[in-house]
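Just below is one structure, and these are the notes that go with it.
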Amino acid sequence: MTSESNQALVNSESGLEPSPEFGLQLRGLKKSFHGVKVVEDVNLSIKVGEFVTLLGPSGSGKTTCLNMVAGFLLPDAGEVLIKGRDLAQVPPERRGLGIVFQSYALFPHMSVAKNIAFPLKRRGIKGAELKERVRRALVQVELEQRAEARPSELSGGQQQRAALARALVFEPSLILFDEPLGALDRRLREHLQVQLREMHERLGFTALYVTHDQEEALRLSDRIAIMNEARIAQIGACEDIYKRPQSAFVAKFLGDANMLKVTVLECAPRACTVRIEDSQAVMQANHGEESRFERGDQALLVARPEALTVSPADGYGDATLLVRGELTDRVFVGQDVVSTVDTPQGARISIRERPEGAIGQLSVGDQVDVVWRTLESSAVVPVSAGDLPE
C-alpha cells in the first residue's frame, strides 16, 4: 500500500469527510447491552476491494461490529457508511450486502443453482439474465458441475463456495464473513483459506471478516484490526502489526511472544536502544509509530520464539545475547523443536528453531545462552502492571 493510500486511511479514520473510495467506514460506533459497553468508539475505514479482518478474543466486540454493519443491530451512536452513505438506520434487506455465515445458511431443499438464484429473484431479476448470472457465479467458484446438487450432497468446502457465490451473485458493495470456517477441521480450513484468498484476488470484492483465529487472519487479510475490550487496539498491515505491536496485548494475541523487562536508553522514531534487565545486554528493537518512550522508561521487549536460538553457554560468538539460563524443556513439533529456557531472574523464554547444529547436542538441565537469530522480530512496547512477566 502506498504512503498516499495509508494517509487516506488515516484521514478517514480521523473523522474527515466520507469518501466513496471506501467500501466501508465506521465512525464513532458505540453499542451497550444492559449498561455494559460492548463496542466503544470504533473507527474503521476499508478501501474498495480491500480485505480487512476484525480479530479478537471472545467478548471483544468484533461480532457486534459486524452485526451493526449488517443491520441486525442498531448502534447507540455513530455512523455506518457504505460507499459514502450512512446506512446505520437502514434495514438489513436494503443495505445490499453479501453475508457468509459460519453455518453457510444454504436452503437445504434447494439445489446449488437455486440457492445462488435466490437473492437475484428477490431483486426482480428473471429469465435469461437470471440464468446467465447464476452460470457466471457457478463458474467463479468452480461449482458448475454441481449446480443441481443439494447442500447435503456437497463437501464442506463446496458448501462454503456455494455460500460465497450466493453472496457475490448480486454484486454487493461489501461482503461480510462471520467466522465462516470456524466449524471445519484444520486441514479443510487451511485449504479453504487459500481458495478464499485466491477468489478475493481474482474478483476484487470488498470484505469485512470476523475471526478469533490469528493464523486465519494473517493468511487472508490485507489489514487486520485487533479488538480488545470493545475497542480497536491496533490496525495495520499483517506484517507491520506482527513486527511493530503497540501494546503487550497485541504482541501476545497475534502470535507467540516472550516478554522481557527492559530500560530504554535512547529512542528514535521507529526503534529504541534498550538494556535487558535479566542480562544487562544492550540491543536495538522496533516500536510502533504510536509509542512514545523517553530515556529511563521501563518497557517490555517482545521476543518472538522464531527469532531466537539456543546456544551452549558462551558459545554464541558474534550473535546478540538475550539472556542466559537453564534449558528446562525440549519438544519436537514436526520440523521444529520448541525449547524452554528459565532464567535465574524468573523469566521463562520459548524458542522455536530447526533441530540443527549445536541445539542437537544440548540436553535438559544444561546452562545455555539465548541469542537473536534476527533483529527484525523484536519490538518494544509500553508496560503496565498487568503486562509484567511473572
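Exactly one residue among Q335, Q345 is more than 30 Å from G236 (Cβ to Cβ) and out of contact with any strand residue (DSSP E or B) (no Cβ under 6 Å at 6 or more places or on another chain), and that residue is Q345. Within region 92-118, being free of Cβ contacts under 8 Å to residues at least 60 places away in the same chain and within 30 Å of the chain's Cα centre (by Cα) holds for P92, E93, R94, R95, A105, I116.
Return the residues of region 351-370 that are in a loop (DSSP other than H, G, I, E, B) and at pLDDT below 90; say none if nothing qualifies.
Those that are in a loop (DSSP other than H, G, I, E, B) and at pLDDT below 90: R354, P355, E356, L362, S363.
Based on what the data block shows, is R135 in contact (Cβ under 8 Å) with a residue 40 or more places away in the chain, within 30 Å of E190 (Cβ to Cβ) and of a type in the set (D, E, K, R)? Considered against the rule, which asks whether it is in contact (Cβ under 8 Å) with a residue 40 or more places away in the chain, within 30 Å of E190 (Cβ to Cβ) and of a type in the set (D, E, K, R), R135 comes out as no. Answer with yes or no whether A251 is crowded, with 21+ Cβ neighbours inside 10 Å, of a type in the set (G, A, S), part of a strand (DSSP E or B) and touching a residue at least 40 places away in the same chain (Cβ under 8 Å). When the stated conditions are applied, A251 does not pass them. Among the residues of region 101-117, those that are modelled with pLDDT of 90 or more and surrounded by 15 or more Cβ atoms within 10 Å (Cβ to Cβ) comprise S111, V112, A113, K114, N115, I116, A117. Evaluated against (1) small (G, A, S); (2) surrounded by fewer than 18 Cβ atoms within 10 Å (Cβ to Cβ); (3) not assigned by TED's automatic domain parsing to the domain that holds Q361, S221 falls short on exactly one condition, (2). Any residue that is in a loop (DSSP other than H, G, I, E, B), surrounded by 14 or more Cβ atoms within 10 Å (Cβ to Cβ) and touching a residue at least 60 places away in the same chain (Cβ under 8 Å) - is there at least one of those in region 82-91? Yes, region 82-91 contains at least one residue that is in a loop (DSSP other than H, G, I, E, B), surrounded by 14 or more Cβ atoms within 10 Å (Cβ to Cβ) and touching a residue at least 60 places away in the same chain (Cβ under 8 Å).
Every residue, every condition in (1) β-branched (V, I, T); (2) modelled with pLDDT of 90 or more; (3) in contact with a helix residue (DSSP H, G or I) (Cβ under 7 Å, 6 or more places away or on another chain), yes or no:
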position	(1), (2), (3)
S45	no, yes, yes
G49	no, yes, no
G56	no, yes, yes
S60	no, yes, no
A88	no, no, no
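The values are calculated or read from the model by the stated rules, or taken from the named source; none is laboratory data. The structure displayed is predicted, hence computed values, not measured ones. With ideal geometry, Cβ positions are generated from the backbone for all residues, glycine too; neighbour counts draw on all protein chains shown.
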